[in-house]
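A.B. asks: Here's a structure for you.
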Amino acid sequence: MRLYSKSVSIEGRALSYLRQMAGAEGRVPGEPPIVSMGSTAPPFVEDPQSLLDHIVSDGAQVTRPSIDPYREPVETSIYLFDGDVRLSMPMGISSLNDLPMELVETVVRTCYRMGVIADLSGLGAEPSSVAGREDYVISGADGVGSTAARNVQVIITGRDDVDPALVRRVVSSGRRPVARAPATDEVELYTALASSGFKAIVIDEDLEADREVELEVAVSLCDKALRSSGTGTKALRYTVNLIATSRRLRGSGDVFKLLGLGAEVVLLKDCWRLGIDLQRESNPRVVAERLEHLLLGMQKELKLLAGAAGASSLHSTVCGNRELFRAVELDDRMLNVLGVKAAGSW
Amino acid sequence: MMEQFPERMGGKEAIIVDRYLNIPRQSSPEFWTVNRIEHIRKLAATGRPAFVWDPCKSGSKRILDRLVFRRELEDPVPSAEGLEESDGIEVESEIAHGRIRMAVPLYLGDMSFGALSGIPNVALARAADSTGLLCGVGEGGVHPEVAKCKRIVIQWASARFGLNLHLLRLGEAVVIKIGQGAKPGIGGHLPGTKVVEIISRTRRIPVGTDAISPAPHHDIYSIEDLEQRIWALKEATGKPVFVKVAATNYVAYVAAGVARMGADGIIIDGQGAGTGAAPSVVRDNVGLPIELAVATADAMLRREGMRDGFTVIAAGRVSSAEDMAKLMALGADCVSIGTAALIAMGCVMVHKCHLGFCPAVITNRIEENPKKLLSLEFAQRCVENLIRGWTGELKLILERLGLSKVTELVGRRDLLVGLGLEEPTRRVLVVEALQ
């Protein structure tokens, strides 16, 4: 079912750009890396590693103006949970479960400061820094009662696992139920989750399923299925937020394209850890600083991409707007699944 | 301003660079492979054709490299060694509704004074004069020696750095720069480290500040706005006006709009094109390859009945005469080369332009007392030779295709065949698959 493997490591240029932004490399932390001469990007020079590598973004010109991201505002904020929570950028930090509690505390604080979500999935205990920052935390606990967090996730791996009673219990305790589901082309799973009251669906490519597909495919299919369930603002899509994550995601280019395919938030896993060089750096103060720099740099990159495409707001103009994108060298079946036109077609 | 000229340096400390550096080992994938660089160096050294069919395309993932002329499959001889130079093949053409004659339809791409360190700018402009091509001067004012050249094209870009009426009237044409292939939707970018005294004076910006041009022209937010600027510039200068855009999703509509609003031609710059500085995220994720953009723009212009007399110039990764021929077969009247010309002068593709310490002294920061200076005579001769050798290869290709004029090649998609291209790609190119 898959064209590309999901176990791709982040290395080479992609890794260097992340490190430069985080300040683990180079001298201009928090800024989009500047390069020169022609691109070596996939699929034209380097080997494509994912469907994302076949997708290119638009540059607005003449028929509509681009927006100058250095001088004009480009809104990167995303509203979640019916507008209750405002993220400053469409990102979250995930893959914390093997870190010492001291670092988890730091990451939760830093995420809150930066206005992004911290995803504590897989974490047994909850760090004390969650208190007062619950809106920006997806709790690791998959049940009710043990946690103070308001966003609680329930891990779902198949349609039969949806337990409406559990969802009701979470809601009645004043929390927001979040489902974590694998990337699959069985979209009934996603529509079932949305109709049973979950406030957000995390499509996690690293979860296993019988019928696995690429994250790109799952996000696009899920977005389309939820939009076509119900009409207008009554469509299921407007009751639930779509969050995408995978270990292979490399940075803001990938985030931007996943937004275009329908996600509202992308949770970063390996890329932030490699960017701040967590393997060699465990001082919480440095980790916090690097994470802030990395997020700031990525936010600026998202502004560059949105501005170039003439979009002044990620949430209202980029999310689910496949028309901003074109695909290079994919076949008709895949173009149809993704809902993206072929590069060069009108 | 004369201090940049080695012949006027008074023989002081500077080493005059008049030979090539060794090509460094390429540790990661690169479009400008060692083979491509060596091919260009061969042309630049001899001024004679090296190949008929470009062997450097083998193994490349670029779409253009997976298009071949049917003729090559029948007659694959690649080397030009021992082949007679083709006689009687006409490579001259007229562009901009017949107002500009080109000895060969090659345009030396818009590289600015500041991005390049002066001597390369002069070498390119002088080479264009001596060979009968055109040289775009890029954004941000003109080097005083370039201003003395005839066959230059003045760029009117979003920051309007240093522009005035006198400057606009200097060249053969004016180009309204809307976008560039390396960073569609984003403005020009000259890092502050390269904004030295002379650049500060030409661009009229403070020394040491980044020169980041606005992403859009703030007086061009629509096709109608563009029309007003096109006609204002035509009236002010009396010259043909081109519009340069990046290859993007709506490039076909943009091309139709540009033609409808009275421009004389469009320069379409594709993904992968060179740049002096760009954010990596934009360079690597935005824009279409030129082969798709040219094919779709040409088709739209024909459908709208606006193709005649209007000039389509294709830019971005044009690395050989075969690339040029294929882009013309897809619908371009002329192609633009930038990186290839820099390689002819000694560029070794280390991607350091934005830092200002180019080992080949092409894109280095301009110094008051430089340690090394590019030889103007060497640079100019290499570019002239490249153009001659390139033209020789083009003639050999045309001869094998059975064409006697380069203009007959434009839009001849039937001469091409696609190797292993996806169906949607071939639909855009309107090229058959190899059976």
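The numbers here are math on the coordinates, done by the rules we state, and not lab data. Not measured: the values here are computed from a predicted model. Glycine gets a Cβ as well: all are built from the backbone with ideal geometry, and neighbour counts include every protein chain shown.
A.B. asks: Beyond 15 Å, what share of the Cα-Cα pairs of region B:369-419 remains, rounded to the nearest whole percent?
C.D. replies: When every Cα pair of region B:369-419 is considered, 64 percent fall beyond 15 Å.
A.B. asks: Antiparallel as a % of all DSSP beta bridges within the protein assembly as shown, to the nearest 5?
C.D. replies: Restricted to the protein assembly as shown, the bridges split so that about 20 percent are antiparallel.
A.B. asks: Scale the Cα Rg of region A:44-342 by the rule-of-thumb value 2.2 N^0.38 Å and send over the ratio, two decimals.
C.D. replies: So region A:44-342 has a normalised radius of gyration of 0.96.
A.B. asks: At a 10 Å Cβ-Cβ cut-off, how would you order B:K405, B:K371, B:K326, fewest neighbours first?
C.D. replies: Exposure proxy ranking, most exposed first: B:K371, B:K405, B:K326.
A.B. asks: Further question on the same structure: Taking the inverse of the average 1/r across all pairs of different Cα atoms in region B:124-189, what Kirkwood radius in Å do you get? Each step should come with its number before you reach the end.
C.D. replies: Details: mean 1/r = 0.0818 Å⁻¹.
About 12.2 Å, per the Kirkwood formula over Cα pairs.
A.B. asks: Around A:A244, which amide H atoms from residues at least 5 apart in sequence, or from another chain, sit under 5 Å from its own amide H, with H modelled in the peptide plane?
C.D. replies: For A:A244, whose amide H was placed from the backbone, the distant partners under 5 Å are A:I203, A:E264, A:V265, A:V266, A:L267.
A.B. asks: Right, something else. Taking A:K269 as the anchor, which lysines have their alpha carbon closer than 26 Å to its alpha carbon, excluding any fewer than eight residues away along the same chain?
C.D. replies: A:K6, A:K199, A:K224, A:K257, A:K300, A:K303
A.B. asks: Where a Cα-Cα gap under 15 Å defines reach, which aspartates and glutamates qualify for B:K183, not counting those fewer than 8 residues away within the same chain?
C.D. replies: Partners within reach: A:D58, A:D68, A:E301, B:D110, B:E139, B:D269, B:D284.
A.B. asks: Please report, to two decimal places, log10 I(q)/I(0) for chain B at q = 0.09, 0.10, 0.13 Å⁻¹ as given by the Debye formula with identical point scatterers on the Cα atoms and no solvent.
C.D. replies: Each listed q corresponds, in turn, to -0.51, -0.64, -1.13.
A.B. asks: So which aspartates and glutamates pass the test for B:K150, namely a Cα distance under 12 Å, with those fewer than 8 places away in the same chain ruled out?
C.D. replies: Partners found: B:D129, B:E172.
A.B. asks: Here is a follow-up. Per-residue HN-Hα couplings for region A:130-140, Karplus 6.51 cos²θ - 1.76 cosθ + 1.60 at θ = phi - 60°, whole Hz, x for Gly and Pro?
C.D. replies: Working through the residues one at a time gives 5, 3, x, 10, 4, 4, 9, 10, 9, 5, x Hz.
A.B. asks: Moving on. Taking amide H atoms as placed 1.01 Å from N in the peptide plane, list the residues 5 or more away in sequence, or in a different chain, whose amide H sits under 5 Å from that of B:A173.
C.D. replies: B:I154
A.B. asks: Pop the C-beta distance of A:R2 and B:L165 into the FRET formula with R0 = 45 Å and round what comes out to the nearest 0.05.
C.D. replies: 0.15
A.B. asks: Using R₀ = 25 Å, calculate the FRET efficiency as 1/(1 + (r/R₀)^6) where r is the Cβ-Cβ separation of B:S79 and B:S130; round to 0.05.
C.D. replies: Working from the Cβ atoms, E equals 0.35.
A.B. asks: When the label point is put 7 Å from the Cα of A:E102 along its Cα-to-beta-carbon vector, which residues of region A:280-307 have a backbone N closer than 12 Å?
C.D. replies: A:282-287
A.B. asks: Could you list A:C222, A:C111 so that the one with the fewest beta carbons within 10 Å of its beta carbon is first and the one with the most is last?
C.D. replies: Ranked by crowding around the Cβ, least crowded first: A:C111, A:C222.
A.B. asks: Write down the percent of antiparallel bridges among all DSSP beta bridges whose residues are both part of region B:8-433, to the nearest 5.
C.D. replies: Here the share of antiparallel DSSP bridges comes out near 20 percent.
A.B. asks: Separate question: Provide A:M298, B:M102 in ascending order of the number of other Cβ atoms located within 10 Å of each residue's Cβ, fewest first.
C.D. replies: Fewest to most other Cβ atoms nearby, the residues stand as B:M102, A:M298.
A.B. asks: Another question about this same structure. Return the calculated 222 nm mean residue ellipticity for chain B, to the nearest 500 deg cm²/dmol, obtained by summing -39500 (n - 2.57) across DSSP H runs with n ≥ 4 and dividing by the residue count.
C.D. replies: After summing the helix terms and dividing by the residues of chain B, the value is -9000 deg cm²/dmol.
A.B. asks: With a point put 7 Å past each Cα toward its Cβ, work out how far B:R101 is from B:L21 in nm, to one decimal.
C.D. replies: 4.1
A.B. asks: If one computes P(r) from the Cα atoms of the protein assembly as shown, what percent of pairs lie at distances over 48 Å?
C.D. replies: Tail of P(r) above 48 Å: 22 percent of Cα pairs.
A.B. asks: What FRET efficiency, computed as 1/(1 + (r/R0)^6) with R0 = 45 Å and r the Cβ-Cβ distance, is obtained for A:D84 and A:R27, rounded to the nearest 0.05?
C.D. replies: FRET efficiency, A:D84 to A:R27: 0.65.
A.B. asks: In region A:44-342, what % of DSSP beta bridges are antiparallel (nearest 5)?
C.D. replies: Within region A:44-342, antiparallel bridges account for around 20 percent of the total.
A.B. asks: Further question on the same structure: Around B:C347, which amide H atoms from residues at least 5 apart in sequence, or from another chain, sit under 5 Å from its own amide H, with H modelled in the peptide plane?
C.D. replies: For B:C347, no residues qualify.
A.B. asks: Find out how many positive minus negative residues lie around A:M37, taking Lys and Arg as positive, Asp and Glu as negative, among other residues whose Cβ is under 10 Å from that of A:M37.
C.D. replies: Around A:M37, the surrounding residues sum to +1.
A.B. asks: Let me ask another. What percent do you get for the relative contact order of chain B when only Cα pairs under 8 Å and 6+ apart count?
C.D. replies: Over chain B, the number comes to 24 percent.
A.B. asks: How many nm is it between the label spots at B:R204 and A:D331, if each spot is 7 Å from the Cα in line with the beta carbon?
C.D. replies: Those two pseudo-labels are separated by 5.8 nm.
A.B. asks: A further question follows. What net charge do the residues around A:D332 carry, taking every other residue with its C-beta under 15 Å from that of A:D332, with Lys and Arg at +1 and Asp and Glu at -1? Spell out each step's value before the answer.
C.D. replies: Values: positive: A:R326, A:R333, A:K341, B:R426, B:R427; negative: A:E329, A:D331, B:E422, B:E423.
Summing Lys and Arg as +1 and Asp and Glu as -1 gives +1.
A.B. asks: If each DSSP helix of 4+ residues adds -39,500 (n - 2.57) and the sum is divided by the residues in chain A, what number results at 222 nm, nearest 500 deg cm²/dmol? List each step's numbers first, then the result.
C.D. replies: Details: 9 runs with 104 residues, N = 346.
For chain A, the value works out to -9000 deg cm²/dmol.
A.B. asks: Need the C-alpha centroid separation for region B:210-254 versus region A:3-69, integer Å.
C.D. replies: 27
A.B. asks: Roughly speaking, what is the centre-to-centre gap between region B:345-359 and region A:244-289 when only Cα atoms are used, to the nearest Å?
C.D. replies: Here the two parts' Cα centres lie 31 Å apart.
A.B. asks: State the Cα centre-to-centre distance between region A:174-191 and region B:265-303 in whole Å.
C.D. replies: Here the two parts' Cα centres lie 39 Å apart.
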